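Everything below concerns the one structure shown next.
Read-outs throughout are calculated quantities, based only on the coordinates presented, and are distinct from any laboratory measurement. Note that this is a predicted model, so its numbers are computed, not measured. All Cβ positions, glycine included, derive from the backbone under ideal geometry; neighbour counts span all protein chains shown.
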Amino acid sequence: MKHLNTQSPDFQAELKALLAFETAQDPKIDQIVADICADVHKRGDAAVIEYTNRFDGTSAQNINDLTLTQADLQHAFEHLPENVQSALKTAAARVESYHQRQKLESWTYTDEDGTLLGQQITALDRVGIYVPGGKAAYPSSVIMNAMPAHVAGVQEIIMVVPTPKGERNDIVLAAAYVAGVTKVFTIGGAQAVAALAYGTETVPQVDKITGPGNAFVAAAKRRVFGVVGIDMVAGPSEILVIADGSTPADWVAMDLFSQAEHDEIAQAILIATSQAYLDDVQTAMNRLIEEMPRRDIIEASLGNRGAFVLAKDLDEACEIANYIAPEHLELSVENPQQW
């Protein structure tokens, strides 16, 4: 972890250096993705099978080997412990409840000259959700992408998830069952994005693709945008915590880990108003890291881009947070609404 102090004359330069990250497209990745997308567009299932076997170390003979039905998802769910089943159901219900509050409604009005004007809200017919399956498994990604689609009224949800070496994650598949996914294809990378965007003999073409992925997935989503809608081209995960010392150090340490574990280039930053508290969090991190299954990734992330920032007060901490504009911001303070 880097240590910055706002009172240092070099603080602004050090902060800019900390935040500097090359977000431009990698031309090599873009060319590889362009070739894959064009090939999938041209050869359909055959190209998807070829790239999946090559990149994921599988031995699929046909697309059926890479296809899961709702019965397969139900089987995965039913073979999980009851407490895991319950956790998935609870998560799905809470996410659905949240997105119910986002629903848009159609509206019309007649203006002064008698013209009827308005906005018609209509659900998409079919969407594709990309769920990572390489470095880690994310059942949360399934739920957080599928449930908003259900709330919106989408009738068909097609999920793609890579299964390196053919290893399927039952919790991810069970999450798909709970979230009402229509069909799953065990494919990933640019070939999966292209298959959803263009459609193949077996993979249906969708109207929109959502969900996180690696640099190849991001490049593919960027390339097919316009053929289909996409949610965004996301960069590395970020978290910034502002702390006044009132929260247990262990809690803040785990919150920093929660994003650092995503990727070696993720960024976790803690801004606090007390050096003693920063020291307490560092001590907690040193202890808790021993228990983390993704310890190597966390340590690489924190070593590469993590930082502790000592601010003079919470006003200054908020100014820094507004400048950074992180993906995830936590106010770990006594009066969060004030700030």
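Annotations
- Nonlocal amide H pairs with Glu238, under 5 Å, H built at 1.01 Å: Gln267, Glu327, His328
- R0 of 25 Å, Cβ-Cβ distance Thr90-Trp251: FRET efficiency to nearest 0.05: 0.75
- Placing pseudo-labels 7 Å out from each Cα toward the beta carbon at Gln205 and Asp26 gives an inter-label distance of 3.1 nm.
- Scaled against the 2.2 N^0.38 Å expected of a compact globular protein of N residues, the Cα radius of gyration of the chain reads 1.12.
- Ratio of the Cα radius of gyration of region 206-264 to 2.2 N^0.38 Å, where N counts its residues: 1.59
- Computed label-point distance, nm, for sites Asn214 and Asp231 using a 7 Å Cα→Cβ extension: 2.0 nm
- √(5λ) per eigenvalue of the Cα gyration tensor, region 134-256, largest first, Å: 29, 17, 15
- Fewest-first sequence of Ile265, Ile298, Ile230 by Cβ atoms within 10 Å of each Cβ: Ile265, Ile230, Ile298
- A dipole drawn for region 1-52 from +1 and -1 charges on Cβ atoms has a positive end, and of His41, Gln31, Leu15 the residue lying farthest that way is Leu15.
- Highest-fluctuation residue, Thr200, Thr108, Thr163 considered, GNM on the chain with Cα pairs under 10 Å: Thr108
- Calculated P(r) tail over 20 Å for region 44-108, as whole % of Cα pairs: 60 percent
- Size estimate for region 165-232 follows the Kirkwood approach: the inverse of mean 1/r over distinct Cα pairs works out to 12.8 Å.
- Shape of region 46-154, Cα gyration tensor, a/c cut at 1.5: oblate
- For region 59-106, GluC sites (Glu not before Pro) meeting the loop criterion (DSSP other than H, G, I, E, B) and having at most 16 other Cβ atoms within 10 Å: Glu105.
- If both residues of a DSSP beta bridge must be in the chain, then about 15% of such bridges are antiparallel.
- Angle of helix 314-324 to the longest C-alpha principal axis of the chain, folded into 0 to 90 degrees and rounded to 10: 40°.
- Distance between modelled label sites at Glu78 and Gln337, nm, 7 Å Cα→Cβ extension: 4.8 nm
- Antiparallel beta bridges, as assigned by DSSP with both residues in region 26-160, represent about 45 percent of the total such bridges.
- Selected from Ser97, Ser140, Ser246 as most flexible by GNM, with the chain as the system and alpha-carbon contacts under 10 Å: Ser246
- Ranked Phe77, Phe11, criterion: other C-beta atoms within 10 Å, fewest first: Phe11, Phe77
- The chain: most fluctuating residue of Ile157, Ile32, Ile269 per GNM, C-alpha cutoff 10 Å: Ile32
- FRET efficiency for the His328 to Thr283 pair, using the beta carbon distance and R₀ = 35 Å, is estimated at 0.90.
- Gained length - Thr110 relative to Thr67, 0.36 nm times residue gap less alpha-carbon distance: 10.5 nm
- Axis angle, to the nearest 10 degrees, between helix 249-260 and the longest C-alpha principal axis of the chain: 40 degrees.
- log₁₀ of I(q)/I(0) at q = 0.14, 0.20 Å⁻¹ - region 258-326, Debye sum with one point per alpha carbon: -0.46, -0.87
- The stretch between Gln119 and Ser140 holds 4.3 nm of extra length on full extension. This uses 0.36 nm per residue minus the Cα-Cα distance.
- Relative exposure of Ile187, Ile29, Ile121, judged by other C-beta atoms within 10 Å (fewest first): Ile121, Ile29, Ile187
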